[in-house]
Amino acid sequence: MRNITASPASSAPAAAPAAIPVRDQLGLQMRASHVLMAVFVVAAVAFAAIGAAIGDTFFLRLATEALIFAGFALSVDILLGFTGLLSLGHALYFGFGAYVSALVLKETPSFWLAIGAVLASSLVAGFITGLVANRVRGVYFALVTFGLAQVVAKAVYNTRELGASDGLIGVPIVPINLGVGTLMSNAPAAFFLFTLGFVVVLYLIAAYLLETPFGRILVALRANESRVPFLGYSTRSARLAAYVLASVIAALSGALYPMLRGFVSPELLFFSTSGNAVITVVVGGVGTLAGAFYGSIILTVLKSVIGTMTEHHLIVIGLLFIGTVIFLPKGLMGVVRPWVMRLLGRRAS
Amino acid sequence: MTAFLDYFQFVLAPQMITGLSLGVAVVLVALGLTIIFGLLDVINMAHGEFYAVGAYLALSLGFAGVSFWLLLIIVPAVMLPLGYIVERGLIQRVFNKPDRHVTTLLLTFGLGLVVEDVLKVIFGGNTQRPPTPISGAIDIMGVLLPNYRLFLILFGLAVIAAVALVVNRTRLGAVVRAAAFDRNMAASLGVPVSQVYAGTFAFGVALAGLAGVLLAPVFSVFPTMGRDFIFLAFTVVIVGGMGSIMGTVVAGLLLTQVQALSSLIVSPVWSDPILFSIMVLMLVVRPQGLFGRLGHA
């Protein structure tokens, strides 16, 4: 973040550094993320148009799943990128949302009822577990979130009422009433576009909240936690709010999963799911929000391309991940975004 | 009364002995984990995979005709340079970044994924089991105890005692503890801190490899064996106190008894949730664990 702050001054050598009006770097970063998201949405709509034109089902559904996992990764980025807290058990909320959604849909196949139930229950669940997890910092936070997720995952795995190791199967096709019309969750292109809209709304909500003073407290927390209380802000409530926000976004993304696949399984709660989201965010770019989306597409493409050649895609993904951590600690968007910021900054001045 | 004695002889005691041998094994794996954390502040997510590598080395060398007793020396000796290379080549690269905890955790997590899949490529996904090096069983006061388990417990305890002795009573251990307590002060007193780091990491990895050799005949060998086992080791390390050798031993033996007895009383499938609940509770109530950390008396 420090070197980004310095970059616009160096990119506009015509003006002396002191003459440049004080510009909001964090706001500029967020605007750059919006530009990257806009590019993403345009590409996704084009993809859907091509897919629908050639009557594809497989790739559209795969891409829908990538979007759902992008929404999940977005929530991990809120924690890791903005509060600096690494959650190793965030699949807890993703899986929670998926299970709640599946349970509701099996009773009444109503989209908005399922979303409402997931929203309300994940607010409560995120708040309660957030109180537990936020008692500790650093590695201990990673381990507490990991432990919490393990407890719940194993409990679900053992509970016959929740389908035990098989999960819940037979989630019906859901009609989604959008006011102007109704689409079905089994229509590949329509549901892809709907999912795109859904996760983009999640992105916009997160981006908006992170731009408010609340978001700035999180950034301040990350920079120097012990100084923030002296400025009169509560670190505890800001941290808890970020945690609840991340939980709700993960759960809402998870809520779409049973609509796409027609089932949920305990794997959605496992450590591998949490780990995947962390890989997605790190490869895409920590703290950029848009990175979660690009990262998810990269991973999905890699998995399906390598998957056609060998079943050992983890070697490639693991090496890519190690390489990113060492050589590109800000991820793909960490490279692209400063570039967009320079373009935006030049236009503004 | 006789009913209880029968229960003790045929159910409770064997279960507790199985728990004890698992406990000693977990402590061996967890010791490396806790020493690495205590000194380097690194959560080694790949530690379970090093344990698996040790087991696979033992398996393949064993099939090649190397005797089990030699393996107890050869495998740790091979793992030492491996750990050294990983520390120098990977961990040192990100070691001085501001959020070292997160970065090194991510790095070792990625390494674990790669190693696990490499093991799958080389050895296939099937479960294999080397022959038990010591057969037979002895009868201790009516309780049947397989000889190999007895050996595992005694040998493991000896290794644990040796590690504790080296760390707490030798000059080398004093150097390690000094580096863990204050690396800058240790460096200014002439301790080659970066060498101590790499050496300690290698030592932890070698311990994991040794645990792999010892446990292969008991728990079999499969590519994901590390991942399954490391969760338990993490729980032990957290409950005992990250970086504390004493804590690891106490927590390891205690928690495996909890696991053994809870699978009798409740059900084996619920022993994992119980253990992880203990871990979460411990982190919330007393994050530093039962005992303090290495170098911090």
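The values are calculated or read from the model by the stated rules, or taken from the named source; none is laboratory data. Treat the numbers as computed from the prediction; the structure is a model and nothing was measured. Glycine also receives a Cβ, built like all others from the backbone with ideal geometry; neighbour counts cover every protein chain displayed.
A count restricted to region A:90-136 and to residues that are under 30 Å from B:Leu106 (Cα atoms), modelled with pLDDT under 90 and crowded, with 16+ Cβ neighbours inside 10 Å stands at 4.
Within region B:29-40, is even one residue farther than 22 Å from B:Ala158 by Cβ, at pLDDT 85 or above, more than 13 Å from chain A (Cβ to nearest Cβ) and within 13 Å of the chain's Cα centre (by Cα)? Among the residues of region B:29-40, not one is farther than 22 Å from B:Ala158 by Cβ, at pLDDT 85 or above, more than 13 Å from chain A (Cβ to nearest Cβ) and within 13 Å of the chain's Cα centre (by Cα), which makes the answer no. Being surrounded by 11 or more Cβ atoms within 10 Å (Cβ to Cβ), modelled with pLDDT of 80 or more and within 14 Å of chain A (Cβ to nearest Cβ) is the filter here; which residues of region B:116-154 pass it? B:Glu116, B:Asp117, B:Val118, B:Leu119, B:Lys120, B:Val121, B:Phe123, B:Gly124, listed by residue number. Screening A:Val286 against (1) closer than 20 Å to A:Leu26 by Cβ; (2) surrounded by fewer than 17 Cβ atoms within 10 Å (Cβ to Cβ); (3) at pLDDT 85 or above leaves a single unmet condition, (2). For region B:136-158, the condition holds for at least one residue, the condition being that it is farther than 26 Å from B:Gly243 by Cβ and touching a Lys or Arg at 6+ places or on another chain (Cβ under 9 Å).
The set of residues in region B:60-113 being small (Gly, Ala, Ser) and more than 20 Å from the chain's Cα centre (by Cα) consists of B:Ser60, B:Gly62, B:Ala64, B:Gly65, B:Ser67, B:Gly89.
Can you pull out the helices (runs of 4 or more DSSP H) entirely within region B:1-74 that have at least 1 residues that are out of contact with any Gly (no Cβ under 6 Å at 6 or more places or on another chain) and aromatic (Phe, Trp, Tyr)? Those helices (runs of 4 or more DSSP H) span B:2-7, B:47-63. Listed by position, the helices (runs of 4 or more DSSP H) inside region A:131-245 whose residues that are within 14 Å of chain B (Cβ to nearest Cβ) and farther than 30 Å from A:Val45 by Cβ number at least 2 are A:138-158, A:213-223.
If the condition is being part of a helix (DSSP H, G or I) and of a type in the set (S, T, N, Q), then region B:160-177 contributes only B:Asn168. Do we have any residue at all in region B:167-177 that's touching a Gly at 6+ places or on another chain (Cβ under 7 Å), modelled with pLDDT under 90, at negative phi and β-branched (Val, Ile, Thr)? Yes, region B:167-177 has at least one match. The residues of region B:263-276 that are surrounded by fewer than 17 Cβ atoms within 10 Å (Cβ to Cβ) and at the interface with chain A (Cβ under 7 Å from one of its Cβ atoms), listed by number, are B:Val269, B:Trp270. For region A:302-334, the tally of residues that are without any contact (Cβ under 8 Å) to a residue 12 or more places away in the chain and either among the hydroxyl-bearing types (Ser, Thr, Tyr) or part of a helix (DSSP H, G or I) (or both) stands at 15.
Scanning region B:61-115 for residues that are closer than 26 Å to A:Thr273 by Cα and small (Gly, Ala, Ser), we see that the one that is nearest to the other protein chains (Cβ to nearest Cβ) is B:Gly110. If the condition is being surrounded by 24 or more Cβ atoms within 10 Å (Cβ to Cβ), away from chain A (no Cβ under 14 Å) and either under 21 Å from B:Gly19 (Cβ atoms) or free of Cβ contacts under 8 Å to residues at least 24 places away in the same chain (or both), then region B:214-244 contributes B:Leu214, B:Leu215, B:Ala216. Per the listing A:Leu319, A:Leu302, the residue uniquely under 27 Å from B:Lys120 (Cβ atoms), within 21 Å of the chain's Cα centre (by Cα) and within 14 Å of another protein chain (Cβ to nearest Cβ) is A:Leu302.
Could you tell me which of the residues A:Arg227, A:Arg239, A:Arg222, A:Arg216 is surrounded by fewer than 13 Cβ atoms within 10 Å (Cβ to Cβ), out of contact with any Cys (no Cβ under 9 Å at 6 or more places or on another chain) and over 16 Å from A:Ala70 (Cβ atoms)?
Unique residue meeting the criteria: A:Arg227.
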